[in-house]
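Worksheet for the structure shown next.
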């Protein structure tokens, strides 16, 4: 099954705290980690991805790399998540081995149709709400756009989400959620993860 609860790494550099937080939230039921960092060198990103895989794969979590198919393949990750300005999904499918999970950022149903037809497994839709985690984000797409995309592909809502907003997200027909600050910057990441997992798993999975 596709993972439903994604934790996106929010790290300016590598470090043991990142791995400790990821291990804690995956023990609480988070079933995917998206490795994302715009500040690391290629070698540092590869090392971080390998460290994340070693830490969370034994806990049953899937590991994806944002933007970088080369790093995902070199590290032995489970998949890649592609932004709108990254390699096209079809090009990644042509290069990737069978079974590699491919997600695509989508901001509309039309984006989701194109991603589906190119071979994407899921759509990461957002930002649903304003987010402080990543600079330069476009305006929020809102819940209606999330619901429209969810009718096309399994949709993972992203952007300004926490456990308190899960119900409205899942009511659109979304398959799951992706969060960064709600876990990585939480006072108690384990508790925040348990609350998030309970909120998502308390709703039906739409596919």
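The values are calculated or read from the model by the stated rules, or taken from the named source; none is laboratory data. These numbers were taken from a predicted model, which means no experiment stands behind them. Virtual Cβ from ideal backbone geometry, glycine too; neighbours counted across all protein chains shown.
Applying the set (1) crowded, with 24+ Cβ neighbours inside 10 Å; (2) in contact with a strand residue (DSSP E or B) (Cβ under 6 Å, 6 or more places away or on another chain) to residue 150 leaves exactly one unmet item: (2).
Yes or no, residue by residue, for (1) modelled with pLDDT of 95 or more; (2) farther than 26 Å from residue 197 by Cβ:
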residue	(1), (2)
34	yes, no
37	no, no
44	no, yes
55	yes, no
66	yes, no
90	yes, yes
100	yes, no
104	yes, no
109	yes, yes
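On inspection, residue 124 qualifies as modelled with pLDDT of 95 or more and under 14 Å from the mean Cα position of the chain (by Cα). Considering the range 73-87, and only residues there that are surrounded by 15 or more Cβ atoms within 10 Å (Cβ to Cβ) and touching a strand residue (DSSP E or B) at 6+ places or on another chain (Cβ under 6 Å), the residue that is farthest from residue 118 (Cα to Cα) turns out to be 77. Determine whether residue 60 is in contact (Cβ under 8 Å) with a residue 12 or more places away in the chain, out of contact with any strand residue (DSSP E or B) (no Cβ under 8 Å at 6 or more places or on another chain) and closer than 19 Å to residue 6 by Cα. Yes, satisfied.
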